[in-house]
Amino acid sequence: MPEHLELSPLPESVAEARRWSADVVGRSPDHELADTVSLLVSELVSNVVLHAHTACDLTIDLTGERVRVEVRDGSGLLPARAQYTEPFALSGRGMVLIEGLTAAHGAAPLVDGGKLVSFELEHAPDGSP
């Protein structure tokens, strides 16, 4: 059964989401994915706090063929890969990480407003990394 967490559009929500996602995945057969999930969740929730400025709903579903993470927020602005030329820029790498570390990812507007951003990770074979 998927697990949900509602978050406020505050900076401390990023750490809360990171801890919660690491705990949820850490208690599962896919526990070796906890660090990757918590990193990517941090990136998505950071985007909500920095750009959407709305509450969000974080869902982790460990029941399917893949580990699926979804973040819903109230902004219709879809995420895009930042085009930073400065190698020491402090932001702009979140979508690059998601593209590079996931089996699938996407973003779509929601009919009732806002958007859904998601990613999926492959289950580790036999519980090994």
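The values are calculated or read from the model by the stated rules, or taken from the named source; none is laboratory data. Nothing here was measured: the structure is a model prediction, and the numbers come from that model. FYI the Cβ positions are ideal-geometry reconstructions off the backbone, even for glycines, and counts take in every protein chain you see. SASA here: full protein model, heavy atoms, side chains in, ligands and nucleic acids out. Shrake-Rupley method; radii C 1.70, N 1.55, O 1.52, S 1.80 Å.
So how far apart, in nm, are the two label points at Val111 and Thr59 if each is 7 Å from Cα heading toward Cβ?
1.4
I'd like the GluC sites (Glu not before Pro) in segment 1-84 restricted to DSSP loop residues with at most 11 other Cβ atoms within 10 Å, sorted by number.
Here the sparse-neighbourhood loop sites are Glu65.
Do you know the relative contact order of the chain, to the nearest whole percent, from alpha carbon pairs under 8 angstrom that are 6+ apart?
Details: 233 pairs, mean separation 32.9, N = 129.
Taking the mean separation of contacting Cα pairs over the length of the chain, I get 26 percent.
Among His105, His123, His51, what's the order by accessible area (1.4 angstrom probe), most exposed first?
Descending order: His51, His105, His123.
Expressed as a whole percentage, what fraction of the accessible surface of the chain belongs to carbon and sulfur atoms when a 1.4 Å probe is rolled over the protein heavy atoms?
Whole-percent figure for carbon plus sulfur exposure: 56.
Per-residue ellipticity at 222 nm for the chain, helices alone: DSSP H runs ≥ 4 residues times -39500 (n - 2.57), over residue total, nearest 500 deg cm²/dmol?
The per-residue figure over the chain is -9000 deg cm²/dmol.
Counting only the heavy atoms of the protein chains, how much of Ser118 is accessible to a 1.4 Å probe, in Å² to the nearest 10?
10
Would you compute, for the Cα atoms of the chain, the largest minus smallest coordinate along each principal axis and list the three values in descending order, in whole Å?
The Cα atoms of the chain stretch 39, 36, 26 Å along the principal axes, largest first.
Distance in nm between label sites at Ala80 and His4, each 7 Å beyond Cα in the beta-carbon direction?
3.1
Any chance you could give the angle, 0 to 90 degrees and rounded to 10, that helix 34-47 forms with the longest Cα principal axis of the chain?
Approximately 20 degrees, to the nearest 10.
Over segment 7-49, consider all pairs of different Cα atoms and compute the Kirkwood hydrodynamic radius from their mean reciprocal separation; express it in Å, one decimal.
On the way: mean 1/r = 0.0986 Å⁻¹.
The answer is 10.1 Å.
Say each of Asp23 and Arg66 gets a label point 7 Å from the Cα, pointing the same way as Cα to Cβ; how far apart are those two points in nm?
About 2.7 nm separates the two model spin labels.
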